[in-house]
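Below is one structure, written out as structure tokens; the observations come after it.
The values are calculated or read from the model by the stated rules, or taken from the named source; none is laboratory data. Keep in mind the model is a prediction, meaning the values are calculated, not measured. Glycine gets a Cβ as well: all are built from the backbone with ideal geometry, and neighbour counts include every protein chain shown. For accessibility, only protein heavy atoms count, side chains too; no ligands or nucleic acids. Shrake-Rupley method; radii C 1.70, N 1.55, O 1.52, S 1.80 Å.
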Amino acid sequence: KNLFSSGLTAMEKKLAEYKCNTNEAIQLKLVRFPEDLEDENTTFNPEYSHQVFGDDEVAFGYKGLKILLYYIAGNLSTLFRIEYTSKVNEKFDCVEADDVESKIREIIPPGFCTNTDDFVALLEKEVNFKPFGMLLHTYSVHNEEAGEDITYQIYKADMTCPGFREYHERLQTFLMWFIETASFIDVDDERWNYFLVFEKYNKDGATLFATVGYMTVYNYYVYPDKTRPRVSQMLILPPFQGEGHGAQLLETVHRYYMTSATVLDITAEDPSENYVKLRDFVLVKLCQDLLCFSPGKLMQGFSQEMVMEAQQKLKINKQHTRRVYEILRLRATDMGDAEQARSYRLDIKRRLIGPYKKKQRELAKMRRCLRPEELTNQLNQIDLNMQHEQLEESFQQLVSDYRRVLERLAQA
């Protein structure tokens, strides 16, 4: 009889109770008023904690573990505390609890508070906090709950702004919790630009600023005298998500670089699905009034004129311009008209089939230098019927993505 089939030992059962999901244990807050500390509604949790606590996102050794990371809304001064109802004991349980504190200390900068009184005292000084850098854009969003318009501002900052380096160290810790593959950047490299979003709010008759989100952009050098800014990280903090700040930020960044004669076009590093949706919306919004995208010209197909105009006027690269064209052409196409729909479908599929064609060329090359049995393996992967199915699937997926962009545009 298998020894292990007798179920968990009492010891194992007991230790299993000492495992905590770190996404639930970590409690984040952006604090404006002392009463926010007690208010459950101001708490939010990470989406990810695997970079700090491993792929299982578990901390061992505690019951009722709470990892409190509270930030003052504007300058992000931090309160860090760990609370739990019980902890395993090396003497009795012969196991050691995870050192949660040192794991968190690795990603948050020193100089944080460890008790609430110090933190509340810092909150008093928050009235002196002002955004860093140069104001680029002001906009307002109607807030249903508050029943009023709330004003937001976007600034461009760099490491020469007093206090910004330390502020950025506190801000970037949020990346770990909300971007799956986040990493910290080398702030000593002067080619980084930082764009920050703040909300203006009132407290006791004074105007204060709360951090909403930010974007980092790296200026790649292009020979001989140009740059190609590449969006690296972008985060709108969870309490502000879904209010359109990402679109405002991306559009503002585009407009900032549009005025620069040395910028070629703007790209993005390894963009997430959400970022691509956001970019589609912003770029289509910027492009829709260009002459090269008039309905008549859209129907004639993708053109070099579109590539040139989008790059020169709006700093949009060729690949993104192609997507903009496809979205705007969908808007101009009557999909109920068989001929128009067919023409649109062929146009998109011709682009989608590019990678397949390339694969086929590579296969033809391999044929000349591979033994027959190796070849069959390679060829089995590419079955024509499957290709058509995949193509149709990709096409349908694109059209539904594009329709969502157009719906958002219609509401904008």
For this session: Look through VAL324, VAL284 and report the one residue that is in a helix (DSSP H, G or I) and within 20 Å of the chain's Cα centre (by Cα).
Result: VAL284
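Just one of ALA121, ALA146, ALA97 is open to solvent by less than 50 Å² (accessible area, probe 1.4 Å) and small (Gly, Ala, Ser); which is it?
ALA97
Suppose we filter the range 148-167 for residues that are touching a strand residue (DSSP E or B) at 6+ places or on another chain (Cβ under 7 Å) and without any contact (Cβ under 8 Å) to a residue 40 or more places away in the chain; how many remain? First the steps, then the outcome.
Quick first cut of the range 148-167, residues touching a strand residue (DSSP E or B) at 6+ places or on another chain (Cβ under 7 Å) only: 149-158, 164.
Right, trim to without any contact (Cβ under 8 Å) to a residue 40 or more places away in the chain and you get 149, 157-158, 164.
Result for the range 148-167: 4.
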For this session: Determine, yes or no, whether ALA182 is open to solvent by less than 40 Å² (accessible area, probe 1.4 Å) and within 21 Å of the chain's Cα centre (by Cα).
Result: yes
Problem set entry | Looking only at the range 185-218, and only at residues there that are in a strand (DSSP E or B), free of Cβ contacts under 8 Å to residues at least 60 places away in the same chain and touching a Lys or Arg at 6+ places or on another chain (Cβ under 7 Å), the one that is most open to solvent (accessible area, probe 1.4 Å) | THR207
Exercise. Can you pull out the residues in the range 244-261 that are touching a residue at least 40 places away in the same chain (Cβ under 8 Å) and either of a type in the set (Val, Ile, Thr) or assigned to a helix (DSSP H, G or I) (or both)?
Worked result: HIS245, GLN248, LEU249, THR252, VAL253, HIS254, ARG255, TYR256, TYR257, MET258
Problem set entry | Test for LEU76: is it open to solvent by 50 Å² or more (accessible area, probe 1.4 Å) and either within 19 Å of LEU171 (Cα to Cα) or not in a loop (DSSP other than H, G, I, E, B) (or both) | no
Problem set entry | Qualifying position, being assigned by the TED database to the domain that holds LEU406 and either aromatic (Phe, Trp, Tyr) or touching a Ser or Thr at 6+ places or on another chain (Cβ under 7 Å) (or both), among GLN340, GLN304, GLN300, GLN312 | GLN340
Exercise. Is at least one residue of the range 242-265 over 30 Å from ARG32 (Cα atoms), open to solvent by 70 Å² or more (accessible area, probe 1.4 Å), at pLDDT below 95 and charged (D, E, K, R)?
Worked result: no
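Consider PHE293 carefully, then state whether it is free of Cβ contacts under 8 Å to residues at least 60 places away in the same chain, more than 30 Å from LEU196 (Cα to Cα), among the aromatic types (Phe, Trp, Tyr) and surrounded by 15 or more Cβ atoms within 10 Å (Cβ to Cβ).
yes
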Problem set entry | Extreme residue, surrounded by the fewest Cβ atoms within 10 Å (Cβ to Cβ), among residues of the range 296-310 that are out of contact with any Cys (no Cβ under 7 Å at 6 or more places or on another chain) and assigned to a helix (DSSP H, G or I) | GLY296
Exercise. What number of residues within the range 352-377 are aliphatic (A, V, I, L, M), open to solvent by 50 Å² or more (accessible area, probe 1.4 Å) and modelled with pLDDT of 70 or more?
Worked result: 1
Exercise. Within the range 136-152, which residues are among the polar types (S, T, N, Q) and at pLDDT 95 or above?
Worked result: THR138, SER140, THR151
For this session: Could you tell me whether the range 129-140 includes any residue that is open to solvent by less than 80 Å² (accessible area, probe 1.4 Å), touching a Cys at 6+ places or on another chain (Cβ under 9 Å) and not in a loop (DSSP other than H, G, I, E, B)?
Result: no
Seminar exercise, completed: Scanning the range 266-280 for residues that are buried (at least 18 other Cβ atoms within 10 Å of the Cβ) and either touching an Asp or Glu at 6+ places or on another chain (Cβ under 9 Å) or among the acidic types (Asp, Glu) (or both) gives ASP280
For this session: Count, please, the residues in the range 191-202 that happen to be touching an Asp or Glu at 6+ places or on another chain (Cβ under 8 Å) and modelled with pLDDT under 95.
Result: 0
Exercise. So PHE33 clears everything in (1) aromatic (Phe, Trp, Tyr); (2) open to solvent by less than 50 Å² (accessible area, probe 1.4 Å); (3) farther than 19 Å from ARG105 by Cα except one condition, right? Which one?
Worked result: (2)
For this session: For the range 47-58, indicate whether the set of residues that are open to solvent by 20 Å² or more (accessible area, probe 1.4 Å), of a type in the set (Phe, Trp, Tyr) and closer than 27 Å to ARG165 by Cβ is non-empty.
Result: yes
Exercise. Closer than 23 Å to TYR152 by Cβ and not in a helix (DSSP H, G or I): does that describe ASN274?
Worked result: no
